[in-house]
Amino acid sequence: MSTQKDQKILIIGTGTFGASTAYHLAKRGYTNITCIDKWPYPSLDSAGYDIVRTTSLSCTCLH
């Protein structure tokens, strides 16, 4: 299966995962990547923006 590197790609959400996806696609040669987010950079919905979500190692288990 051949892939066209100039096909249109839309990434919704430019937080940690969206930006990483765009970066890795570009490294693989894709040239028509658009990223959108409802917030300006840094996205307030991003997992990387909330220090609690990215550094918490604790787990609450319910039995």
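In plain terms, the residue of Tyr23, Tyr30 with the fewest other Cβ atoms within 10 Å comes first and the most crowded comes last, giving Tyr23, Tyr30. 3J(HN,Hα) couplings calculated from phi for the range 15-21 with the Karplus curve 6.51 cos²θ - 1.76 cosθ + 1.60 (θ = phi - 60°) are, in sequence order, x, 4, 6, x, 5, 5, 4 Hz; Gly and Pro show x.
By other beta-carbon atoms within 10 Å, ranking Asp6, Asp37 with the fewest at the front produces Asp6, Asp37. Treating cross-link reach as a plain straight distance, find the lysines whose alpha-carbon is under 23 Å from the alpha-carbon of Lys27, omitting any fewer than eight places away in the same chain. The reachable lysines, counting only those whose Cα sits under 23 Å from Lys27, are Lys5, Lys8. Per-residue Cβ neighbour counts within 10 Å put Ile11, Ile36 in the sequence Ile36, Ile11, beginning with the fewest.
Rule-based calculations on the coordinates, nothing more; no lab input. Since the model is a prediction, treat every value here as computed from it, not as a measurement. Neighbour counts run over all protein chains shown; Cβ positions are idealised from the backbone, glycine included.
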